[in-house]
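The structure appears below as structure tokens.
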Amino acid sequence: MMLRTRNALGACSLLIFAASYNTATQDPSRPKILGISHVRIRVSDFCKAKDFYSMVLDQHPYCPADKKPIGGSVALHSSQLITLNINSLNAGSSLNQQSLLEEVGFITDDAAGLQQYLTSHDIAVSEVGERPPSFTVRDPEGHRISFIERSTIPTQLRPSLPFQPQIIHAGFVVHNRVVMDHFYKDILGFQVYWHGGRKDDETNWVDMQVPDGTDWLEYMLNVPDNADHHTLGVMNHIALGVPDIHAAEAQLRKNGWSGNEPPKIGRDGKWQLNLYDPDDTRVELMEFTPTQKPCCSDYTGPHPGQHP
């Protein structure tokens with residue numbers, strides 16, 4: 001009887017040890033990735049770019065006249081930032097050298113934990129900085145991605161306001177979807193929100209939604225290697241969500257915009273309006289929700305302004 005008891009206790013101890021060992025050695029869990037915090041765009045003339053983005057965001061431009069600025073930020077209502085940089089071409093970023101969209105930043109609830117998680121997957125990352133905690137990483141095609149710690153996502157203002165832009169997605173050229181999916185989907189947990197193309201049987205755009213929010217990255221596929229500057233400006237872009245595209249257009253014209261491209265319903269079923277900054281980077285205004293059924297595929301996640 002005592003021998004059986006000792007054997008049972010020994011087996012129990014081994015099970016407890018094995019469970020403890022597995023818990024201690026298993027991969028760390030992924031902290032939340034909540035949405036877009038900022039984008040950084042390279043510009044050739046800060047003052048001209050600041051005038052443009054201030055007009056788009058319905059803000060008063062300011063450019064110091066007594067010195068040549070090297071860059072600065074334009075804040076959106078939800079504490080998101082568009083950072084304009086005129087002196088940051090990194091000679092080591094040859095894969096992405098022609099893109100003026102230099103960085104896309106995402107909000108996480110635990111920067112140190114996410115850095116540890118990526119390290120456990122053999123992803124090279126920077127050290128975690130302070131105030132606020134943040135770090136950077138290069139995706140498989142060389143795009144600079146940063147993660148900044150914050151406990152909340154940007155919030156949409158009252159629907160009654162006609163003009164309240166917020167960054168809802170950023171897009172860049174992608175050459176190899178398989179390797180990018182391994183990084184964004186398999187490791188970081190992004191999921192396809194919608195995909196489509198110029199024709200129903202094509203896939204030119206893949207919207208990869210963050211796992212714990214409604215913002216997304218857009219893969220711009222099938223772009224020629226010899227694409228010119230204007231084409232790259234169209235592809236490497238940002239999108240600002242607005243509740244009413246026609247009210248947004250009216251406000252833009254009141255602010256001095258003189259573009260001749262009218263609003264249109266895109267293949268994704270959402271109203272949109274394309275603008276271009278002085279260096280040809282596209283700024284796409286887009287309504288938060290579709291007004292008609294999209295082509296090619298259904299939406300699989302919540303729209304901006306909805307709870308994920």
Which of K32/K199; K185/K293; K185/K270; K48/K264; K199/K254; K48/K199 exceed 30 Å between C-alpha atoms? The answer is K32/K199; K199/K254; K48/K199
The FRET efficiency for C63 and K254, from their Cβ-Cβ distance with R0 = 25 Å and rounded to 0.05, is 0.75
Whole-percent carbon and sulfur contribution to the accessible surface of the range 139-281 (1.4 Å, no ligands, DNA or RNA) stands at 49
Total charge of the residues flanking K199 in space, meaning their Cβ is under 15 Å from its Cβ, with Lys and Arg +1 and Asp and Glu -1, is -2
With label points set 7 Å from each Cα along the Cα-to-Cβ direction at S29 and N226, the distance between them in nm comes to 5.2
Taking r as the C-beta separation of D45 and D122 and R0 as 51 Å, the FRET efficiency to the nearest 0.05 is 0.80
Ranked output for segments 31-40, 141-150, 286-295 by mean other Cβ atoms within 10 Å, highest leading, reads 31-40, 141-150, 286-295
Contact order relative to length for the range 188-308, counting C-alpha pairs under 8 Å separated by 6 or more residues, stands in percent at 28
Residues of the range 188-208 with backbone N under 20 Å of the label point set 7 Å from the Cα of K264 along Cα→Cβ are 195-207
Under 14 Å by backbone N from the virtual spin label 7 Å along Cα-to-Cβ at T136, the residues of the range 111-130 are 125-130
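The values are calculated or read from the model by the stated rules, or taken from the named source; none is laboratory data. All of these numbers come straight from a predicted model, not from anything done at the bench. Methodologically, a virtual Cβ is constructed for each residue, glycine included, from the backbone with ideal geometry; neighbour enumeration extends over all protein chains shown. SASA here: full protein model, heavy atoms, side chains in, ligands and nucleic acids out. Shrake-Rupley method; radii C 1.70, N 1.55, O 1.52, S 1.80 Å.
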